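Have a look at the structure below before the remarks.
The values are calculated or read from the model by the stated rules, or taken from the named source; none is laboratory data. All values derive from a computational prediction rather than experimental measurement. Neighbour counts are summed over all protein chains in view; Cβ atoms, including those assigned to glycine, are modelled from backbone coordinates with ideal geometry.
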Amino acid sequence: MRYIGLRIGIVIFTILLGIYAIYPTIKLYTQENLSKEELLTLSKKAIHLGLDLKGGMHLVLEVDTTDVKESPQDLQERAFEIIKNRIDEFGVYEPTVEKQSGERILVQLPGVDRDRAINLIEKVAHLEFKLVADERVEDVLKKIDRYFSDGDTFAFEEPFSSYLIGVEHDMGIDVRDEDSVVAMIEQAQDIIPPDIEFLFGPREPYEGREVKRLYLLREEAELTGETIRDARHQPYQGQNLQYAGSWMIELEFKREAARKFASITGRNIGKRLAIVLDNIVQSAPSIIERIPQGKASITGKFKAEEARDLAIVLRAGALPAPLKIVEERTVGPSLGRDSIQSGVRAVLIAGAVVIVFMLIYYSLSGFVADIALFLNLFFLLAILSSFRGSLTMPGIAGIALTIGMAVDANVLIFERIREELKIGKTTRTAIDQGFARAWITIFDSNITTIIIGVILFLFGSGPIKGFALTLTIGLIANLFSAVFVGKVIFNYFTYKFDIRTLRI
């Protein structure tokens, strides 16, 4: 009894710590009408539900190795690292990104918007900075018109320039004419100089119709996205009214690229420098002066999420090759709710049966075991919350198995106490000896299972990890709740009320 106060203090402190750890999880999943800031704060401290419980996406991607000289293994390795970096910055909790055979990559994302996630993953994000060849537009357009007017072998009755319209200070086309314009450009490649190319801008509304700007650019890029050190999104702060209320991406180049960018802008004052992402011209601002700081910006009518996602893919780097989705499955949240209800029901039924059995078979001692069992589950969930663990359907199965292992520990202790009482030892001595002699067996059985759980977690994947996580944490909590807490309860009541006989 010398240290009983300290032991009770440890138990109470641990319970309070557990309440502090589990509170964000309780609040997140029970309270409604939480603000976005509260949801974000609580999500960082709460248990996260896995794909099978929360719903989400299951994708299998394949690297398109067509026309790429690198080995398929190298392409897969680079694509894997880039996708992993993008998803990490995207902010998905407990994602799964794994390499598979056949240059394939498995991606599982719980609770995300499908279209946004696919756009983030699939975007090649090949960024280039190219000078606009405005001074050569008139000459090239005349050549193309002359090309299609020399004979009747082509299916276009109107000249190329007739499809062009003015979009502010740029030339553009109506999106309904895009197929015709693209076909004419492709057929006229022989007379278009090899050092220039036509590229379109994104769709945008203009004077009541959908249009695309058309740019004539130098084919050779001055800089590429590989030279970017950092990319951040922020609200547009310029004076161009067409971008008012939109977002932009601020770019910062690496040191060597910054010097090159300063040289490029210094030599081409008065010209325009197009920012091209995946062969789409996002903007083409004029160079007013030499830019020595190594910074640039991508403007466009971006929403906040679009700008953030674009900044993410630019920071993570361009994919070495396009990706094809070879398998896609979507798990709906309704299926997740059904799984949660079934899993919780199974755990509650298992727990109730065990509690009743322990009370009937071990009387009041069984009540102590039930307290230890409840604390075991409580500590398990608290530890999951502390480490922001993910709860999956196999994880719920691991919790059910933990209940069995926790009861097994109490059975071993009670049977050892019975044996000590049968040979005539006093109640207090029987309790001390029972816990001491059962401890070795409990420790050995739990530690060996914990080792297996750790191995499964490290080398397993998907559902196996979820099962191994809850099982391992549950067994660690069991060593504390069944042995330490159980003995504290027994010692306190036997000394406090001077219990001479023990029904067990």
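Here are some notes:
- Listed by first and then second residue, the pairs linking a residue in segment 26-40 that is surrounded by 12 or more Cβ atoms within 10 Å (Cβ to Cβ) to a residue that is polar (S, T, N, Q), with Cβ atoms under 7 Å apart and 6 or more places separating them unless they lie on different chains, are 28/43.
- Residues being modelled with pLDDT of 85 or more, within 15 Å of the chain's Cα centre (by Cα) and either under 21 Å from residue 305 (Cβ atoms) or charged (D, E, K, R) (or both) - total across segment 99-118: 1
- Check on residue 399, in a helix (DSSP H, G or I) and at pLDDT 90 or above: no
- For residue 173, the test of being in the same structural domain as residue 285 (by TED's automatic domain parsing), part of a strand (DSSP E or B) and modelled with pLDDT of 85 or more is passed.
- Scanning segment 234-272 for residues that are of a type in the set (Val, Ile, Thr) and not in a loop (DSSP other than H, G, I, E, B) gives 249, 264, 265.
- Subset of segment 162-212 (residues that are closer than 29 Å to residue 303 by Cα and in contact (Cβ under 8 Å) with a residue 60 or more places away in the chain): 168, 170, 199, 200, 201, 202, 204
- Residue in segment 220-230 that is assigned by TED's automatic domain parsing to the domain that holds residue 200, farther than 26 Å from residue 85 by Cα, among the hydroxyl-bearing types (Ser, Thr, Tyr) and surrounded by 13 or more Cβ atoms within 10 Å (Cβ to Cβ) present: no
- When we screen 124, 181 for residues that are outside any strand (DSSP E or B), out of contact with any Ser or Thr (no Cβ under 8 Å at 6 or more places or on another chain), aliphatic (A, V, I, L, M) and modelled with pLDDT of 90 or more, the only hit is 181.
- Hits in segment 127-153 (condition: under 20 Å from residue 282 (Cα atoms) and not in a loop (DSSP other than H, G, I, E, B)): 127, 128, 129, 130, 131, 132, 134, 137
- Residue 195 being farther than 30 Å from residue 85 by Cα, charged (D, E, K, R), in contact with a strand residue (DSSP E or B) (Cβ under 7 Å, 6 or more places away or on another chain) and surrounded by fewer than 18 Cβ atoms within 10 Å (Cβ to Cβ): yes
- Residue match in segment 295-303 (condition: touching a residue at least 40 places away in the same chain (Cβ under 8 Å), more than 18 Å from residue 128 (Cβ to Cβ), crowded, with 16+ Cβ neighbours inside 10 Å and of a type in the set (D, E, K, R)): yes
- The condition of being out of contact with any strand residue (DSSP E or B) (no Cβ under 9 Å at 6 or more places or on another chain) and either in the same structural domain as residue 65 (by TED's automatic domain parsing) or of a type in the set (Gly, Ala, Ser) (or both) holds for only one of 270, 351, 294, that being 351.
- Residue pairs meeting the criteria (Cβ under 6 Å; at least 6 apart or on separate chains; first part of a strand (DSSP E or B), in segment 280-294; second not small (Gly, Ala, Ser)): 280/202; 281/199; 281/215; 282/275; 282/298; 283/275; 283/299; 286/272
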